[in-house]
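Just so you know, all these numbers are worked out from the coordinates, no wet-lab data involved. What you see is a predicted model; the values in this text were computed from it and never measured. Glycine also receives a Cβ, built like all others from the backbone with ideal geometry; neighbour counts cover every protein chain displayed.
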Amino acid sequence: MGFDFGTVLVFAVVAVGFALGGIAASRALGPKWPNPEKASIYECGERPVGVAWFNFNPRFYLVALVFLVFEVDIALTFPVVAVFKGWVAQGPGMAWVAFFELLVFTGILVVGLAWAWAHGDLEWIKTLGAPSEEAPARAEPRRAA
């Protein structure tokens, strides 16, 4: 029993050591000739124009993540659908299990999409909301002239 855990521990130590050894070897043996050309920003072979640091709209990331989630859904659903006819031929039990698993999987993703949509995370231009009528705007106090 203890020997099995020892094997796993030795494997983990060797794996971490291999990774750290590779990093250390590349640092020790790699060339170190910095120059302005190597330090410049590389963008598909084009010379950089302007500064590279600017504010990026985080909604790009959110829309990309929602897209990615549904791409994964398609990638995981397609193989099951491809072999579904074979499962039906083997017997209806396996086919119904696979059908309900796909239904639950897709349902969870649809609930997540509905949640993101309800919170307005998919709106490209977010509004902060109109000022309420209950709280009128405060006037600046007058100063004596």
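Starting from the eigenvalues of the Cα gyration tensor, five times each then square-rooted, give me the equivalent ellipsoid semi-axes of region 56-123, largest first, whole Å.
Equivalent-ellipsoid dimensions as semi-axes: 33, 13, 5 Å.
When only alpha-carbon atoms count, how far does region 1-129 stretch along each of its three principal axes, as whole angstroms with the largest first?
Ordered largest first, region 1-129 gives principal extents of 67, 63, 31 Å.
Count charges around Ala95 for me, please; just the other residues with Cβ under 12 Å from its Cβ, Lys/Arg as +1, Asp/Glu as -1. Please report the intermediate quantities before stating the final value.
Working: positive: Lys85; negative: Glu101.
Once positives and negatives cancel, what remains is 0.
For Ala24 and Glu46, compute 0.36 nm times the residue count separating them, minus their Cα-Cα distance, and round to one decimal in nm.
4.7 nm
For region 7-14, in order, what is each residue's ³J(HN,Hα) by Karplus, 6.51 cos²θ - 1.76 cosθ + 1.60 with θ = phi - 60°, in whole Hz (x at glycine and Pro)?
Result, ordered by residue: 5, 5, 4, 4, 4, 5, 5, 5 Hz.
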